[in-house]
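The values are calculated or read from the model by the stated rules, or taken from the named source; none is laboratory data. Keep in mind that this is a model prediction, so the values were computed, not measured. Reconstructed Cβ throughout: ideal geometry from the backbone, glycine too, with neighbour counts over all protein chains shown. Ligands, DNA and RNA are excluded from the accessible area calculation, which covers all protein heavy atoms including side chains. Shrake-Rupley method; radii C 1.70, N 1.55, O 1.52, S 1.80 Å.
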Amino acid sequence: MTAAASRADRVRALETSTVRWHRLVRPAVVAVGAAAVVTVVGSLDPNAPGHYPPCPWLFLTGTWCPGCGSLRAVHALAHGDVGTALARNPLAVVAAVWLTAWFVLWSRRQWLGRRRTTMAPAAAIHALLGVVLAYWALRNVPGWTWLSPA
């Protein structure tokens, strides 16, 4: 038996475990990781120079990418300042809300022992890509400073 097969057997055993808390191991690991990231970004101010590297896209092209301002938005959210977070990157705030809702649903499904029945439809993936690309283009339109993270 290979190491990958034994690892897959252990994961499968956790998924089918009759002990409910075993099913929450992966959601707990994800929650701890997310909390660690938010703690670091919340404690090291991205507005102060030297804490984080500059955005490579902004550095190379001088235009905003869809992620520009995300660190500052997460920093503002960590401090409860939703207005500033929306001003820095509204798409990051929407993504944070969506990811939180998805995490809650995933954790509930894990707790109940239900398996995922469907993947996201291709139309939803294409729509998400379209939203990100439109956001990327619109935040670089001259005069539309309300979408820029500055």
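Residues satisfying the criterion are absent from the stretch 128-142 (criterion: within 24 Å of Pro27 (Cα to Cα) and small (Gly, Ala, Ser)). If the condition is being under 26 Å from Asn47 (Cα atoms) and either outside any helix (DSSP H, G or I) or open to solvent by less than 60 Å² (accessible area, probe 1.4 Å) (or both), then the stretch 116-133 contributes only Val132. Scanning the stretch 33-43 for residues that are open to solvent by 70 Å² or more (accessible area, probe 1.4 Å) and of a type in the set (A, V, I, L, M, F, W, C) yields a total of 2. Restricted to helices (runs of 4 or more DSSP H) entirely inside the stretch 44-96, those with at least 1 residues that are in contact (Cβ under 8 Å) with a residue 40 or more places away in the chain and open to solvent by 40 Å² or more (accessible area, probe 1.4 Å) are 70-78, 82-88. Selection of the stretch 12-32 for residues being at pLDDT below 80, assigned to a helix (DSSP H, G or I) and exposed (fewer than 11 other Cβ atoms within 10 Å of the Cβ) yields Arg12, Ala13, Trp21.
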